[in-house]
């Protein structure tokens, strides 16, 4: 059995980690301009389904629930709002900025069936949308 070169193994693992980080960055911070020229980010979501409903959980740290707009059309649900920095960044130096701010919009494709928003609540910084399947 041939020996593996440890440098080649470490290099391969490093390249895989870089590719994974770039994939995650593109997935969660994909810029778009749905409203004029404003940049947008897309919050991460989890989607669950059972026989009667779809449950969509959208991570929205620091977003006021009153600002969130939810639109349901025939093929998708759209969640959008704006998240502002909670203090004036001009008086401070940014040392780390991992939570995105500004306008965001997330469109989640739905299966080809009718839905209605049965419940909308915010729990621990996550918007929980219960979509009832209309038969």
Mind listing just one residue for me: the one in segment 105-135 that is touching a residue at least 24 places away in the same chain (Cβ under 8 Å) and in contact with a helix residue (DSSP H, G or I) (Cβ under 9 Å, 6 or more places away or on another chain) and, of those, nearest to residue 42 (Cα to Cα)? 127
Could you tell me which numbered condition residue 16 fails, if it satisfies all but one of (1) in the same structural domain as residue 107 (by TED's automatic domain parsing); (2) loosely packed, with under 15 Cβ neighbours inside 10 Å; (3) at pLDDT 75 or above? (1)
With the structure loaded, tell me whether residue 31 is modelled with pLDDT under 80, outside any helix (DSSP H, G or I), exposed (fewer than 11 other Cβ atoms within 10 Å of the Cβ) and within 17 Å of the chain's Cα centre (by Cα) or whether it fails that test. yes
Considering segment 67-103, residues that are in a helix (DSSP H, G or I) and at pLDDT below 80, and then whichever is farthest from residue 118 (Cα to Cα), we arrive at 91
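Being surrounded by 15 or more Cβ atoms within 10 Å (Cβ to Cβ) and either more than 22 Å from residue 46 (Cβ to Cβ) or outside the structural domain of residue 60 (by TED's automatic domain parsing) (or both) is the filter here; which residues of segment 74-100 pass it?
Hit for segment 74-100 is 82, nothing else.
The values are calculated or read from the model by the stated rules, or taken from the named source; none is laboratory data. Computed from a predicted model, the values in this text were never measured in an experiment. Using ideal geometry, Cβ is built from the backbone for each residue, glycine included, and neighbour counts are taken over all protein chains shown.
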